[in-house]
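Take a look at the structure below.
The values are calculated or read from the model by the stated rules, or taken from the named source; none is laboratory data. Fair warning: this is a prediction, and the values are worked out from it, not measured in the lab. Cβ coordinates were reconstructed from backbone atoms using ideal geometry, including for glycine residues, and neighbour counts include every protein chain displayed. Accessible surface areas use protein heavy atoms only, side chains included; no ligands, DNA or RNA. Shrake-Rupley method; radii C 1.70, N 1.55, O 1.52, S 1.80 Å.
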Number of protein chains: 2
Amino acid sequence: MFQQEEYDVIVVGAGHAGCEAAAAAANLGSKVLLVTMNMNTIAQMSCNPAMGGVAKGQIVREVDALGGQSGIITDKTMIQFRMLNRSKGPAMWSPRAQSDRMRFAEEWRTTLEQTLNVDFWQESVTGIVVENDTVVGVKTQLGIEFRGKSVVLTNGTFLNGLIHIGEKNFGGGRAAEKKSTGITEQLLELGFETGRMKTGTPPRVDGRSLDYSKMEEQGGDEVPSKFSYLDTPRLVKQRPCYITYTNAEVHEILKEGFEKSPMFQGRIKGLGPRYCPSVEDKINRFADKDRHQIFVEPEGSSTVEMYINGFSSSLPEDVQYRALRKIAGFENAKMFRPGYAIEYDFFPPTQLSLTLETKRVKNLYFAGQINGTTGYEEAACQGLMAGINAHNKVHGREPFILKRSEAYIGVLIDDLVNKGTDEPYRMFTSRAEHRILLRQDNADLRLTPLGHALGLASDERLFRVEQKQRETTEVVELLKNFAIEPSEINALLEELGSATLHERTRAINLLRRPNLELEHLTRTLPNLTLALAPYQPDSLEQAVIAIKYESYIEKENQQAARVAELENFVIQGRLDYQQMPALSHEAREKLLKVQPETIGQAARISGVSPADISVLMVYLGR
Amino acid sequence: MFQQEEYDVIVVGAGHAGCEAAAAAANLGSKVLLVTMNMNTIAQMSCNPAMGGVAKGQIVREVDALGGQSGIITDKTMIQFRMLNRSKGPAMWSPRAQSDRMRFAEEWRTTLEQTLNVDFWQESVTGIVVENDTVVGVKTQLGIEFRGKSVVLTNGTFLNGLIHIGEKNFGGGRAAEKKSTGITEQLLELGFETGRMKTGTPPRVDGRSLDYSKMEEQGGDEVPSKFSYLDTPRLVKQRPCYITYTNAEVHEILKEGFEKSPMFQGRIKGLGPRYCPSVEDKINRFADKDRHQIFVEPEGSSTVEMYINGFSSSLPEDVQYRALRKIAGFENAKMFRPGYAIEYDFFPPTQLSLTLETKRVKNLYFAGQINGTTGYEEAACQGLMAGINAHNKVHGREPFILKRSEAYIGVLIDDLVNKGTDEPYRMFTSRAEHRILLRQDNADLRLTPLGHALGLASDERLFRVEQKQRETTEVVELLKNFAIEPSEINALLEELGSATLHERTRAINLLRRPNLELEHLTRTLPNLTLALAPYQPDSLEQAVIAIKYESYIEKENQQAARVAELENFVIQGRLDYQQMPALSHEAREKLLKVQPETIGQAARISGVSPADISVLMVYLGR
Ligand SMILES: Cc1cc2nc3c(=O)[nH]c(=O)nc-3n(C[C@H](O)[C@H](O)[C@H](O)COP(=O)(O)OP(=O)(O)OC[C@H]3O[C@@H](n4cnc5c(N)ncnc54)[C@H](O)[C@@H]3O)c2cc1C
Ligand SMILES: Cc1cc2nc3c(=O)[nH]c(=O)nc-3n(C[C@H](O)[C@H](O)[C@H](O)COP(=O)(O)OP(=O)(O)OC[C@H]3O[C@@H](n4cnc5c(N)ncnc54)[C@H](O)[C@@H]3O)c2cc1C
């Protein structure tokens, strides 16, 4: 780096958000500078060594479908894969991988190094440079000024980070890493609002000191799948996780530490992630539960270090230690590092537009934990979107915004920008009203054409999608026409407890029955197996989902279309809310603050009622 | 970690010294706790990604021969190997490897994890616990007290580390890492002396931005050798380094920065390593030289990051950058990280005894950069020795001390303890008066029997040494007896420009001729090839060295024996120097301070004259 030239996009921070942002903008053709505190910690997983999970796995698939890197990197470095919720409907299927922490970071770094147009600079950014309400660069601790047409801030948990363990606390962005100062202070002066959040992490222990015979082993899927729609390597050797439980004795010991708890004693001001509570929070809030589940997860393919999922804590380290040792299998456990909590600054995301650009300073983007989210996947997808939009903006292209009916990414950003968040925002399937459409199996169908049109998803990706689409249609057609005689199939149906046939029918009709899968048919009907042989497994799966869930999908599509109509009413800059006495007081305030871009967006602002929406529609001449 | 139990050895810091100390003590059977700030930076190479080199390569071989790990880890992770000084005598041959920085650290961590008896704790140590002039544990930032029968401090460059770049400076133990406070302050209170040193590192650049066609390529050896005497893997794929030069323009630009140089302007108080000067130092001190050599070295097998060996600098980063770009091949260079200097506390090593235990606090050992040395190899060997001696002490065993005639390690520790050092101490062959004995080819013969007797070097190591010894003797015998007729050999001798034979002679006589190698003989004498076929290359090499350098080695051995006699006069605690008026004033002072253990050691103290030694001998009854 360091040339006097001007970059198109400067990305601050190389966490999950920053890495995706840098890769996306560079792959689109922007000249990118990635400034990060420490080049040895690029894409560090701050907490658990895992990617995906419920709703999060869908996000990784979406990032991949658009041409992002997280899926590919996870595939290359995972040590276990499970498709969660297989027994539920396909909208719930969620891929999850256990990652090798070191390899994950290394692979990201290699990927970025091999990305043309990405320059690196190792240093702490202490402020941005603003001219005429537009960001034009960043300043570093050494006083270097880098010029850039746009800037993406992805500072994660580092802004004025404060680490708590029991009664002690000290500055840091993560254990043993420095905090970042200067940026919050400057943004406050520029008129931004800021808040404080907290998160936490469990202790790490020495796997050699655990007795796994007292735990349940949890292996990966027998036939592990993967995240990327590209031809990434299949996982061969998996490492198991283990399940154990806390108990009354554990809880008693933890309670002894409550009087020194930074959370219970009010030293921590920021709100933590409701759905990743610390273990002390769990025993406090659910006092009637006499045990909580603990997942013991390896940190890599060969390390003995284990992550104690479910035991996040900021109690004094000796309390953590003594409590841990009362868990079955942990009698002789040795700790490597204590759990801790960290408080950090975030910026309420209602200050952003849907492109993740700030409303206050032009060409300045925020992505990741800085926006009040939690999780690698949530961070990664924001980084991707900010990187794309920063590139598009400085190249005079259209904003790239995903609808709530198109992607979890759309839901996430829409929620953040319109509803804001007081506590760390994590994705759930329940947040997505169109979740039946937003499946992990069709992220490519939904998004790769968009990613390809952007210039981010490769031709190969589009080719694969078109092939999958074509094959899916053909397979549905084939199953529609494939005739089955009662004699061929009744034995199977009886075995499955499904009504037997009295006359010939088409394969499609049988597939609509619950509990009857394509594998059942192919097992019994060699001709069908033969007919389907030319098709890829993904296409077969897609066809079956289309058949089985046709009516749901249909209904959901209509719903989405109705919502889309509202989205088409662009209002950005066209309405003067001050001059609309018919609006409720609250609605006027919120609309003024959020400045929604469409009626659809306005309708989702909490405090804006359907009556208010009617008022707006009238003003817009409808 | 963290059990209430007492450890045998607590090692503070997991750099090169700390890792060897922990591994050695644990492999000897001690219960070891390794406390380090950040478990993700175990065995980080702070500066150049390389192990070995002149005199340093010999040290790595010695560490390996004793049963240490650095050689094995280097072999497993190197990307280039060269035997330096091949054209000189075998005492000068020095193995040097280019390492993959990430793999090196990862391999060390894996090795330690797989070492029984090593527990880990990630945190900053802020002080030691002393009772009755004996160390009994350490205290951490969180206030945890770990109890241990002995403590090895290996804090490297972290004690009150202060990083300088141009006019800016900030606390840190390495770029982007925290400094360590508390230990120096406490040791001062306990009566220790402390001093300040400095070292520096060059900028790192993006290899993609360099034009290698303007540089000389420097590949590895055609048949790469390795460090360990064990059966470590042979290096297959090597990465080249490149050589280029500074020039007048580069020097002019650098000079512009002198007025902001922390070194020239006196902001840096500590002395730097004389033999690793910064580039500004070089152009300042050698003003008549119009260019300096620059080695461009890859940081790993796949990364694009390059290390600019020879361009260490603490000038302002923009000066570094502009100067760099004037070097041939660097016209478009992009920097990743700037060079910087770091100042840190060390403890003058005259406060130690030859076991590396401090004289002031029992069972407290210092190893590595904290003793005023510089270099990974110097640190590693001290760690090994401190680990061994801490183990021996707490188990009531004899101290383990190497003589100057036995090992570079002996020279290093003896120099430190007896002469002390004002500037970072680096090993050179010239420091070893018996260097003809201390070769890289015979470290196993010299030291493995000692390491095996300790219980550190494995049976396999001893077996290999005994085999090599046996074979060497046999080969020498064989060459003594192998008769060669003039007709068989004169053509070759003529070709080599060596005097032809007039009568039959023995192979050994020909081998004593300079420029005549064993390969010459075997090429011409099929019978000899056949006779030598059963022997390993190492044994052949050893035999040839024994033959060619017989008289030197003989002389050196006698010299060493004479010195050893002096070493046998143990004086520790037996003499009251205050009561010896015949001693010179200076000698009395130095002897009081150093408290030498033997007459040999006393003789090497600067300021103690041969006359003073005679006085001591008289008092000892000789
Ligand atoms: C202790 C802890 C516990 C967590 N627990 C959970 C959990 O239970 N569940 C969950 O889903 N998520 C958890 N997380 C959150 C998860 O780690 C983050 O959501 C995710 O890493 C955010 O990604 P990011 O890219 O926004 O930021 P980060 O991953 O934090 O990366 C920020 C990057 O920016 C760099 N940086 C910061 N400031 C500067 C600056 N001024 N100049 C240059 N570089 C800078 C940093 O060095 C780092 O590389 C936890 C995080 C921490 C620290
Ligand atoms: C900028 C720089 C440039 C250098 N340049 C050269 C050079 O040109 N040539 C050369 O030969 N050598 C050079 N060196 C020196 C070389 O890196 C050291 O000699 C070698 O690393 C020393 O090894 P060590 O084990 O003593 O300490 P280090 O490698 O420094 O390791 C110290 C370890 O201790 C840990 N630690 C420190 N304090 C605490 C604490 N209180 N609690 C817990 N853990 C702690 C640290 O985290 C680290 O893991 C350079 C070093 C630096 C930093």
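Which of (1) of a type in the set (A, V, I, L, M, F, W, C); (2) within 16 Å of ligand 2 (Cβ to nearest atom); (3) out of contact with any strand residue (DSSP E or B) (no Cβ under 7 Å at 6 or more places or on another chain) does B:Leu28 not meet, given it meets every other one?
Of the numbered conditions (1) of a type in the set (A, V, I, L, M, F, W, C); (2) within 16 Å of ligand 2 (Cβ to nearest atom); (3) out of contact with any strand residue (DSSP E or B) (no Cβ under 7 Å at 6 or more places or on another chain), the odd one out for B:Leu28 is (2).
Report, ordered by the first and then the second residue, all pairs with beta carbons closer than 8 Å, sequence separation of six or more or different chains, a first member in the stretch A:155-173 that is away from every other protein chain (no Cβ under 13 Å) and within 7 Å of ligand 1 (Cβ to nearest atom), and a second member that is open to solvent by less than 10 Å² (accessible area, probe 1.4 Å) and part of a loop (DSSP other than H, G, I, E, B).
A:Asn155/A:Gly368; A:Gly156/A:Gly173; A:Gly156/A:Gly368; A:Thr157/A:Gly173
Residues in the stretch B:140-148: is at least one within 14 Å of another protein chain (Cβ to nearest Cβ) and aromatic (Phe, Trp, Tyr)?
Taking every residue of the stretch B:140-148 in turn, at least one turns out to be within 14 Å of another protein chain (Cβ to nearest Cβ) and aromatic (Phe, Trp, Tyr).
Would you check which residues across the stretch B:421-452 are touching a Lys or Arg at 6+ places or on another chain (Cβ under 6 Å) and under 14 Å from B:Glu466 (Cα atoms) and list them?
The answer is B:Ala443, B:Thr448.
If I filter the stretch A:41-57 for residues that are over 14 Å from the mean Cα position of the chain (by Cα), within 16 Å of ligand 2 (Cβ to nearest atom) and within 30 Å of A:Gln141 (Cα to Cα), do I get at least one hit?
Yes; the residues of the stretch A:41-57 include at least one that is over 14 Å from the mean Cα position of the chain (by Cα), within 16 Å of ligand 2 (Cβ to nearest atom) and within 30 Å of A:Gln141 (Cα to Cα).
Can you find, within the stretch A:262-316, the residue that is nearest to the other protein chains (Cβ to nearest Cβ) among those that are charged (D, E, K, R), in contact (Cβ under 8 Å) with a residue 12 or more places away in the chain and more than 14 Å from ligand 1 (Cβ to nearest atom)?
The extreme case among them is A:Glu305.
Only strands (runs of 3 or more DSSP E) wholly contained in the stretch A:114-156 count here; list those with 2 or more residues that are away from ligand 2 (no atom under 16 Å from the Cβ) and among the aliphatic types (A, V, I, L, M). Give the derivation first.
On the way: elements: A:118-122, A:125-131, A:134-140, A:145-153.
The qualifying strands (runs of 3 or more DSSP E) are A:125-131, A:134-140, A:145-153.
On the given criteria, is A:Ser430 away from ligand 1 (no atom under 16 Å from the Cβ), outside any loop (DSSP other than H, G, I, E, B) and within 21 Å of the chain's Cα centre (by Cα)?
Working: away from ligand 1 (no atom under 16 Å from the Cβ): yes; outside any loop (DSSP other than H, G, I, E, B): yes; within 21 Å of the chain's Cα centre (by Cα): yes.
Yes.
Here is a list of conditions, (1) assigned to a helix (DSSP H, G or I); (2) within 12 Å of another protein chain (Cβ to nearest Cβ); (3) hydrophobic (A, V, I, L, M, F, W, C), and B:Ala21 meets all of them except one; can you say which number that is?
B:Ala21 satisfies every listed condition except (2).
Does the stretch B:438-474 hold any residues that are part of a helix (DSSP H, G or I), hydroxyl-bearing (Ser, Thr, Tyr) and under 18 Å from B:Glu62 (Cβ atoms), and which are they?
Taking the stretch B:438-474 as the starting set, the residues that turn out to be part of a helix (DSSP H, G or I) are B:443-454, B:459-474.
Going one step further and asking which of them are hydroxyl-bearing (Ser, Thr, Tyr), we end up with B:448, B:472-473.
Hit for the stretch B:438-474 is B:Thr448, nothing else.
Which ones in the stretch B:1-18 are within 12 Å of chain A (Cβ to nearest Cβ) and either open to solvent by 10 Å² or more (accessible area, probe 1.4 Å) or touching a helix residue (DSSP H, G or I) at 6+ places or on another chain (Cβ under 7 Å) (or both)?
B:Phe2, B:Gln3, B:Gln4, B:Glu5 - these are the residues of the stretch B:1-18 that are within 12 Å of chain A (Cβ to nearest Cβ) and either open to solvent by 10 Å² or more (accessible area, probe 1.4 Å) or touching a helix residue (DSSP H, G or I) at 6+ places or on another chain (Cβ under 7 Å) (or both).
So which helices (runs of 4 or more DSSP H) stay within the stretch A:546-622 end to end and still have 3 or more residues that are within 30 Å of A:Ile508 (Cβ to Cβ) and not charged (D, E, K, R)?
On the way: elements: A:550-568, A:585-594, A:599-603, A:610-619.
Those helices (runs of 4 or more DSSP H) span A:550-568.
How do the strands (runs of 3 or more DSSP E) wholly within the stretch A:328-423 filter down when requiring 2 or more residues that are open to solvent by less than 20 Å² (accessible area, probe 1.4 Å), in contact (Cβ under 8 Å) with a residue 40 or more places away in the chain and within 14 Å of another protein chain (Cβ to nearest Cβ): which remain? Show your work before the answer.
On the way: elements: A:335-337, A:340-346, A:364-366.
Correct list: A:335-337.
Could you look through the stretch A:124-144, keep only residues that are open to solvent by 20 Å² or more (accessible area, probe 1.4 Å) and modelled with pLDDT under 95, and pick out the one that is nearest to the chain's Cα centre (by Cα)?
A:Gln141
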